[in-house]
Amino acid sequence: MQRTLALVAMGLISFPALADRMPIPADAPPAFKAECGSCHLAFPPALLSADDWRRVMGGLDKHYGDNATLDEKTRRPIEDFLIRNAGSGRRTMGAGVPPRLTFTDWFRHKHDEVPAAVWKDKQVGSAANCAACHPRAEAGSFSEREIRMPGGYRHEHD
Ligand code: HEC
Ligand code: HEC
């Protein structure tokens with residue numbers, strides 16, 4: 001057991017539970033869910049790097065074709081929160097510019113079994129629409145057992 005814990009601590013073993021639970025960290029400013037969860041899911045901060053969150057929060061006036069501008073006293077605590085809880089390493093690599101957590105190697109790997117037709121289903125619309133397939137995304141739960149794909153596609157557990 002002690003050896004297992006040591007390996008977990010070193011990041012050499014990861015339990016599925018660590019990947020499928022991503023609740024919003026408790027130190028979120030109240031404005032985070034209200035302002036960043038109104039057009040889409042308030043994304044888990046660990047899915048982008050600190051540099052990429054800086055990019056996102058530095059360009060809210062041109063936000064993926066939308067205007068998500070905030071006044072500075074609301075914007076600043078959200079940026080600080082995202083940077084404090086940002087991810088690193090493989091989970092955030094490949095996000096591109098502008099940064100998309102749905103472009104990372106990690107995201108693609110986690111979703112490599114999703115059929116192309118499902119991504120194109122109009123109930124999905126975009127990979128960023130997490131809740132289309134993860135009904136409890138809002139609660140931070142992405143467990144494979146809960147996945148419901150539109151169009152009647154089945155996800156086979158492996
Ligand atoms: C006015 C609506 C709106 C608000 C408010 C908003 N966004 Fe977005 N956001 C969008 C749209 C539209 C997209 C593009 C979604 C897509 O391509 O499916 C997007 C995409 C994103 C993406 C990239 C998702 C991907 O494709 O991987 C991130 C990260 C993001 N938003 C973060 C935030 C944060 C942080 C806030 C709060 C400061 C915020 N958004 C507020 C509309 C909004
Ligand atoms: C079109 C449906 C769909 C959308 C949209 C989607 N997912 Fe998934 N997701 C799945 C499926 C199916 C799996 C399991 C895939 C597999 O086993 O290859 C999965 C797996 C995952 C896992 C791994 C769970 C585990 O137990 O390891 C996480 C985390 C995850 N998704 C997060 C997200 C996030 C965050 C978003 C939005 C930014 C998102 N997903 C959008 C269908 C989707």
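Every number in this text was worked out from the coordinates using simple rules, so none of it is lab data. Because the structure is predicted, anything quoted here is derived from the model rather than measured. So basically every Cβ, Gly included, is an ideal-geometry build from the backbone, and we count neighbours across all protein chains shown.
What Kirkwood Rh does the chain have if only Cα atoms enter the pairwise 1/r average? Answer in Å.
It is 17.0 Å.
Once you treat every alpha carbon in the range 111-158 as an equal point and sum by Debye, what is log10 I(q)/I(0) at q = 0.13 Å⁻¹?
Values, matching the q order: -0.26.
Would you mind calculating the gained length between Arg84 and Thr69 on full extension (0.36 nm times residue separation, minus the Cα-Cα distance), in nm to one decimal?
Net length gain for the segment: 3.3 nm.
Given labels modelled 7 Å from the Cα in the Cβ direction, how far is it in nm from Ala19 to Asp112?
1.1
Cross-link partners among lysines for Lys62, C-alpha distance below 23 Å, same-chain residues fewer than 8 apart left out?
Cα-Cα hits under 23 Å: Lys33, Lys73.
Give the order of Ser38, Ser143 when sorted by the count of other beta carbons within 10 angstrom, beginning with the fewest.
Lowest to highest Cβ neighbour count: Ser38, Ser143.
Given the -39500 (n - 2.57) contribution per DSSP H run of 4+ residues, what per-residue ellipticity at 222 nm results for the chain, rounded to the nearest 500 deg cm²/dmol?
One gets -9000 deg cm²/dmol as the mean residue ellipticity at 222 nm.
For the pair Asp27 and Arg54, how long in nm is the line joining their label points, each one 7 Å along Cα→Cβ?
1.8
The range 24-43 to the range 91-148: how many Å between their Cα centroids?
18
Please work out the Cα convex hull volume for the range 41-81 and give it in Å³ per residue.
Details: hull volume 3.1 nm³, N = 41.
Hull volume over Cα atoms, normalised by residue count, gives 76 Å³.
Let me check against my output: what whole-number percent is the relative contact order of the range 15-152, with C-alpha pairs under 8 Å and at least 6 apart? Please list the in-between numbers first.
Details: 167 pairs, mean separation 37.9, N = 138.
It rounds to 27 percent for the range 15-152.
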